[in-house]
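Everything below concerns the one structure shown next.
The values are calculated or read from the model by the stated rules, or taken from the named source; none is laboratory data. Predicted model only: the values in this text are computed from it and were never measured. Cβ sites come from the backbone with ideal geometry, for glycine too, and all protein chains shown count toward neighbours.
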Amino acid sequence: MKKMFVVVAVLLAMFAGQAQAQAPALAQVNNSAQASTPAKAATWEFDPTHSMVGFGVRHMMVSTVRGSFPKFSGSLQIAGDDPTVAVFQVVIDVTSIDTRDAKRDEHLKSAEFFDAAKFPTMTFKSRKVVKAGEGRLKITGDLTLKGVSKEVVLDVEGPSAAVKDPWGMVRIGAQATAKINRQDFGLTWSKALETGGVVVGDEVTITLDIELVRKQ
């Protein structure tokens, strides 16, 4: 009988030792599984009342005419805190163009420029995001305008640190600029000046001042 108790005690000690040896290994497996689980993506949407999409183009080689597109929407999807995995997209209503001159706006919406009746929107969707210094990013994506898609790079300052507004919504902000040649997108109208140069410059600067709200 005493020998049986001894055998049982030895067996229990052996099982206890195996369990203790396995515990760290199991914990390591569980931690690895948790580390490999991708962070859930957060979606941020444009707040159009606190954002602006604008542009500037040289007029008659002497000044810059600026305008905006008051109607637009956009979003940012990002998992975790790494901005380089973000997906950024914008949809702009071309028919909303505003240069503070109704006659000029109608001309810009005509087939000689945006042909807004046939192509009422232009879009941008990111393909790559890289860091470009402290608090700066470069977002490479496809801009589609007047049925033509071209690669465009946005120089971005931000995004800012997140803040919570008095109503419990979480917000971030960023500013982005890009330069395009309007000829690349089929916006070719212009007139030559007697003194040299043209009425409308080819280089267009695009500016986005954006405030985004995290979707709940």
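Tell me, please, whether a residue that is more than 24 Å from ALA42 (Cα to Cα) and touching a strand residue (DSSP E or B) at 6+ places or on another chain (Cβ under 6 Å) can be found in the stretch 123-135. Checking the stretch 123-135: not a single residue is more than 24 Å from ALA42 (Cα to Cα) and touching a strand residue (DSSP E or B) at 6+ places or on another chain (Cβ under 6 Å).
Checked against (1) of a type in the set (D, E, K, R); (2) touching a residue at least 24 places away in the same chain (Cβ under 8 Å); (3) part of a strand (DSSP E or B), LYS138 passes all but a single condition, namely (2). Considering each residue of the stretch 144-160 in turn, at least one proves to be at pLDDT below 95, small (Gly, Ala, Ser) and surrounded by 14 or more Cβ atoms within 10 Å (Cβ to Cβ). If you filter the stretch 74-106 down to residues that are in contact with a helix residue (DSSP H, G or I) (Cβ under 7 Å, 6 or more places away or on another chain) and outside any helix (DSSP H, G or I), you find that the one that is farthest from ILE206 (Cα to Cα) is ALA79.
Being aromatic (Phe, Trp, Tyr), farther than 21 Å from GLU211 by Cα and at pLDDT 95 or above: is that true of PHE113 here? Spelling it out, it is not the case that PHE113 is aromatic (Phe, Trp, Tyr), farther than 21 Å from GLU211 by Cα and at pLDDT 95 or above. For first residues located in the stretch 64-84 and assigned by TED's automatic domain parsing to the domain that holds ARG104, partners that are among the basic types (Lys, Arg) and in a strand (DSSP E or B) and lie 6+ apart or on another chain with Cβ distances below 6 Å form the pairs THR64/ARG58.
One residue alone among VAL204, VAL156, VAL130 is more than 28 Å from ILE97 (Cα to Cα) and part of a strand (DSSP E or B), and that residue is VAL130.
Rundown of residues vs (1) exposed (fewer than 13 other Cβ atoms within 10 Å of the Cβ); (2) at pLDDT 90 or above, yes/no style:
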| site | (1), (2) |
| --- | --- |
| GLN175 | no, yes |
| VAL199 | no, no |
| GLU203 | yes, yes |
| ILE210 | no, yes |
| ARG214 | no, yes |
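With the structure loaded, tell me whether THR123 is surrounded by 15 or more Cβ atoms within 10 Å (Cβ to Cβ), in the same structural domain as ALA86 (by TED's automatic domain parsing) and in contact (Cβ under 8 Å) with a residue 40 or more places away in the chain or whether it fails that test. The answer is no for THR123. Within the stretch 141-153, does at least one residue satisfy the condition of being over 24 Å from LYS215 (Cβ atoms), hydrophobic (A, V, I, L, M, F, W, C), outside any strand (DSSP E or B) and in the same structural domain as GLN77 (by TED's automatic domain parsing)? Checked against the condition, which is being over 24 Å from LYS215 (Cβ atoms), hydrophobic (A, V, I, L, M, F, W, C), outside any strand (DSSP E or B) and in the same structural domain as GLN77 (by TED's automatic domain parsing), the stretch 141-153 yields no hits at all. When ARG171, ARG182 are checked against the criterion of being more than 20 Å from PRO48 (Cβ to Cβ) and surrounded by 13 or more Cβ atoms within 10 Å (Cβ to Cβ), ARG182 stands alone in meeting it.
Report yes if GLU45 is surrounded by fewer than 16 Cβ atoms within 10 Å (Cβ to Cβ), in the same structural domain as ARG127 (by TED's automatic domain parsing) and not in a helix (DSSP H, G or I), otherwise no. Spelling it out, GLU45 is indeed surrounded by fewer than 16 Cβ atoms within 10 Å (Cβ to Cβ), in the same structural domain as ARG127 (by TED's automatic domain parsing) and not in a helix (DSSP H, G or I).
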